[in-house]
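The values are calculated or read from the model by the stated rules, or taken from the named source; none is laboratory data. Treat the numbers as computed from the prediction; the structure is a model and nothing was measured. No Cβ is skipped: glycine too gets one built from the backbone with ideal geometry, and neighbour counts run over all protein chains shown.
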Amino acid sequence: MFNKTGAVPIFRTLLVGMILIAGCGNGEERLSEERMPWDWQKPGLGVMYQIEYRPGWDWDRDYTVFNQSLMDGEGNFDFNGPYPRVDEWVGLSQKIGLDYHIMEIKWHDGICYFHTDLTDWKTDTDYAEPFAELSRKAGIPFLYYYSAIFDHNPQFDDIQPDPHQTFSVILQESQPVYEEYLQGQYREIMEQYGPDGMWIDWHWNDRATPLTIDFFQKNYPEAVLAFNASNYNPLAHGQLSYTSGEAHGLEGPPTKIVDFGDRTITVFESAWYWANLNRRDFTHPWELVGPAGKWWQDPSPRDDQHEILRIVAVVLANGGKYAIGATSQMDGSIYPGQVDQLRTLGNWYRPRRNLFTEAIPLQYQGECPEGVTVTQSRFYIVASSIDNDRLLHLFNFDGQEVSVTVQLAPDSWDMVNGAYLEPNHRELAVTKSGEVLEISLDPKDVDPVDTIIRLTGSFQ
């Protein structure tokens, strides 16, 4: 999320240029543990297990008040949750069939959920260690989330630019004490737990960003390094293993304004828009992230349980990764409504996984592949290559149960000689209407999320 007064001026030129780009319109078995090493350059599905949400507190909060709520009468840290149920989290990851997952171990409040000798603003229990151990046992690549740009640990009150708001960039100027703290904690995390990578919040025009990149390049070059907000900064594209950025909804405007009363935040909204833009413009690996609930500060499940599935399908089909923010309650369990939605996602994703992770999006300029049309409105298409075949993803934005006909123009698709409905690989009839190839689907063939058609033929 971006503060309107701070972030928008920096990104205004980029965003205006981007927004002008137009486009068209059951099982829960445990998976094999043989999922390593992680090929992070491929598309993939992830979950970010989050400890940031607290009932009654907004994202933008007054930390002079918030920090007092976490202290005893003598001013000592008095932790009151959430208490991560790490075993449940990793078990949920297995049931979903994730390609990777992320655990928040230091959010903007500065509370450390890992063993550190550098502060007392930490939990009594080391939660990072069992997350690492259980992730390795389950064969799930894992990263840790670490907030570098904001840190409201009262240990740094003397250098805190604005303790009354979350958006307070602690390293806008040189602060040796915090720079040493960052590097010391990075070293503690890497040496104690050996994660596959680090996911840093945010990529920004401050000292923490180049310091962090330089530290990992010099000391842990094998670690995957990703930054939030780096999708939107071209300078980041050659610095990181993959870039990342937020996209909270399936469609709609590229950005929207969220009102916090005394300030507003500009957030990135449409996964459909940003995923298509990234497919067209990026030559490096990328990711989008968004909440499992309605909003980061509203953990209630989305009204349509298929919305998350559609977002995942859209992003992965366009060649990206998508990490879903799962919200922990104060007892450390994930909100039950989110668990239900994530299990629904897993049941849908597991049989289709290779159709996303092993495919490469085709390069075309608009949001619609050339020469492909669908007879029903509100069905949107992405085309990719897999092995020697082609995949057409028909995203069903409204979950319609209708007959659909896909039409393939001869100048672009005359090499097609067969079609199959995936993931069951059932053959479909390919007919001709004049010179146009047609593939007709009955309502029973149409997936409420993403109908995948594999085309065979003499493709170059």
- Item | So Gln305, is it of a type in the set (S, T, N, Q), out of contact with any Phe, Trp or Tyr (no Cβ under 9 Å at 6 or more places or on another chain) and farther than 30 Å from Asp62 by Cα | yes
Within the stretch 433-460, the residues that are part of a strand (DSSP E or B), touching a helix residue (DSSP H, G or I) at 6+ places or on another chain (Cβ under 9 Å) and among the charged types (D, E, K, R) are Asp450, Arg454
Kindly evaluate Glu133 against the criterion of being in a strand (DSSP E or B) and modelled with pLDDT of 95 or more.
no
Looking across the stretch 370-387 at residues that are touching an Asp or Glu at 6+ places or on another chain (Cβ under 7 Å) and in a loop (DSSP other than H, G, I, E, B), the single one that is surrounded by the fewest Cβ atoms within 10 Å (Cβ to Cβ) is Arg378
| said: Condition (residue is in contact with a Gly (Cβ under 6 Å, 6 or more places away or on another chain), surrounded by 22 or more Cβ atoms within 10 Å (Cβ to Cβ) and modelled with pLDDT of 95 or more) applied to the stretch 231-242: is it met by at least one residue? | reply: yes
Those residues of the stretch 230-264 which are closer than 27 Å to Asp304 by Cα, basic (Lys, Arg) and over 19 Å from the mean Cα position of the chain (by Cα) amount to none
- prompt: Does Glu367 qualify as being part of a loop (DSSP other than H, G, I, E, B), within 21 Å of the chain's Cα centre (by Cα) and either charged (D, E, K, R) or in the same structural domain as Phe282 (by TED's automatic domain parsing) (or both)?
  reply: yes
Worksheet item: Does Leu211 satisfy the condition of being of a type in the set (A, V, I, L, M) and crowded, with 21+ Cβ neighbours inside 10 Å?
Response: no
Taking the stretch 87-131 and the residues there that are β-branched (Val, Ile, Thr) and touching a Ser or Thr at 6+ places or on another chain (Cβ under 9 Å), the one that is surrounded by the most Cβ atoms within 10 Å (Cβ to Cβ) would be Val90
If we ask which residues in the stretch 388-415 are at pLDDT below 95 and among the charged types (D, E, K, R), their number turns out to be 2
The condition of being part of a loop (DSSP other than H, G, I, E, B) and over 21 Å from Phe79 (Cβ atoms) holds, among Ile102, Ile140, only for Ile140
Among strands (runs of 3 or more DSSP E) completely within the stretch 244-348, the ones holding 3 or more residues that are crowded, with 24+ Cβ neighbours inside 10 Å and in contact with a strand residue (DSSP E or B) (Cβ under 6 Å, 6 or more places away or on another chain) are 286-291, 321-327
